[in-house]
Amino acid sequence: MAFTETFHCDVCGKEKSEESEDWWLAWAERVSPMPDGDSLPQLRIVPWNLLLSHDSAVKHLCGARCAQTLMDRWMASDGESTELYPATD
Ligand SMILES: [Zn+2]
């Protein structure tokens with residue numbers, strides 16, 4: 001029997017089924033667009049990728065609607081939404 005993983009949308013809690021399409025992954029990074037410039041927060045959203053989906057900092061999204069909700073939260077926090085960054089000890 002194949003081992004099946006269970007993923008849930010990090011916004012609405014919906015369970016991902018085998019047939020689920022249009023799932024996305026999102027995480028936040030800090031980037032420095034200018035050499036020697038200040039780093040800026042950046043939200044990255046990519047199509048579902050199994051390898052990436054195991055990253056603890058990555059959020060699982062069941063579609064555009066939840067991606068929008070996540071982006072809203074992230075923007076409301078000025079890109080500092082802690083839930084989107086890897087936990088630091
Ligand atoms: Zn969702």
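Just so it is clear, none of the values below were taken in a lab; they were calculated from the coordinates. Only a predicted model underlies this, so the values are computations on that prediction, with no experimental measurement involved. In this analysis, Cβ positions are derived from the backbone assuming ideal geometry, glycine residues included, and neighbour counts consider all displayed protein chains.
Per-structure values
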item	result
Residue exposure sequence - D36, D55 - by fewest surrounding Cβ within 10 Å	D36, D55
Proxy reagent accessibility, fewest Cβ within 10 Å first, across C12, C66	C12, C66
Debye equation applied to the C-alpha atoms of the range 24-84, log10 I(q)/I(0) at 0.16, 0.18, 0.30 Å⁻¹	-0.52, -0.64, -1.25
Around C62: net Lys/Arg minus Asp/Glu count, Cβ-Cβ under 13 Å	-1
5 angstrom amide H check on W23, placed H, neighbours 5+ away	W48
In the range 1-82, GluC sites (Glu not before Pro) in a DSSP loop with at most 12 other beta-carbon atoms within 10 Å	E5, E18, E19, E21, E80
